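Visitor: Can you read through this structure? Questions will come right after.
Please treat every number below as a calculation from the coordinates, not as lab data. Computed from a predicted structure; not experimentally measured. Because the Cβ atoms are built from the backbone with ideal geometry, glycine has one as well, and the counts that use them run over all protein chains shown.
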């Protein structure tokens, strides 16, 4: 038997060790999804990608095929994968806040899911969603933020339900029928309710649009968990503030870009704002989307008001 240098044995052992860490996660990804990654042909056009705001719904949206938002998320998902064809997706979820002046970027290659909700049936906590991150894009985001004077750092974290529940199964990116076969990188919000800070956050990463990367803000146009009791009693009629605030947000987002930022910030001062959003975390992602949009106009593509919620969907910029 030939003598094998000790250094070579060590290298092989290290490689095998790394495989033992990643193979179990890779094996959980459907073969059809892996094949689609290999076959996907992202749009490399120098034109800017559109920016999206998803009203993502609750953890049950992935299973509630009769809810009006279900086919809407399907349509938007297909629009992104089949028409925009990005090389990656960067998502800002209402369910992840960094520091008051610091943004966190998920730089993991493979991520687990975070089941950040309570009181649902057992199968909700067994849901899976195949995705691959990109340490390179995460590093690029940290650089863009740092260049804009925003403190930022990478860390490894799972995907929260603000991302995966709206992306999974029937909604936007079904891993079997409409897989998101490009890297998915999640970025935090600030731990603040400042429209200005989140507009600036969006502006700081807007250059990604010229790199064939789609930016998505994931929240809700109206989000009041405190008033859900009427829905539990079977009354799904939209509360007055769900209608008035959702309409006001539409007017602000669709305003001329020269006054859009100011008008969007003003909706946070409306008398019904704290009814629509007792906490502003689910509203801040739309400010990030508007900031990333720059001079591109915003359009409400769909909305639905139900109880203490509203599910408005927005797109900024033109489709290719």
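Visitor: When you check residue 264 against the structure, is it touching a residue at least 60 places away in the same chain (Cβ under 8 Å) and over 18 Å from residue 301 (Cβ atoms), yes or no?
Guide: Spelling it out, it is not the case that residue 264 is touching a residue at least 60 places away in the same chain (Cβ under 8 Å) and over 18 Å from residue 301 (Cβ atoms).
Visitor: State all residues of region 109-152 that are assigned to a helix (DSSP H, G or I), touching a residue at least 40 places away in the same chain (Cβ under 8 Å) and either closer than 25 Å to residue 198 by Cβ or under 15 Å from the mean Cα position of the chain (by Cα) (or both); if no residue qualifies, say none.
Guide: If the condition is that a residue be assigned to a helix (DSSP H, G or I), touching a residue at least 40 places away in the same chain (Cβ under 8 Å) and either closer than 25 Å to residue 198 by Cβ or under 15 Å from the mean Cα position of the chain (by Cα) (or both), then 137, 138, 140, 141, 144, 145, 147 are the ones that fit.
Visitor: I'd like the full set of residues that are over 14 Å from the mean Cα position of the chain (by Cα) and either surrounded by fewer than 19 Cβ atoms within 10 Å (Cβ to Cβ) or assigned to a strand (DSSP E or B) (or both), limited to region 88-103.
Guide: Residues satisfying the conditions are 99, 100, 101, 102, 103.
Visitor: Go through (1) under 21 Å from residue 50 (Cβ atoms); (2) within 20 Å of the chain's Cα centre (by Cα) for residue 191 and report which single condition fails.
Guide: With respect to (1) under 21 Å from residue 50 (Cβ atoms); (2) within 20 Å of the chain's Cα centre (by Cα), residue 191 is out only on (1).
Visitor: Kindly indicate which of 183, 175 is surrounded by fewer than 24 Cβ atoms within 10 Å (Cβ to Cβ) and under 19 Å from residue 69 (Cα atoms).
Guide: When all the criteria are applied, what remains is 175.
Visitor: Taking region 244-262 on its own, how many of its residues are over 16 Å from residue 283 (Cβ atoms) and buried (at least 16 other Cβ atoms within 10 Å of the Cβ)?
Guide: 1
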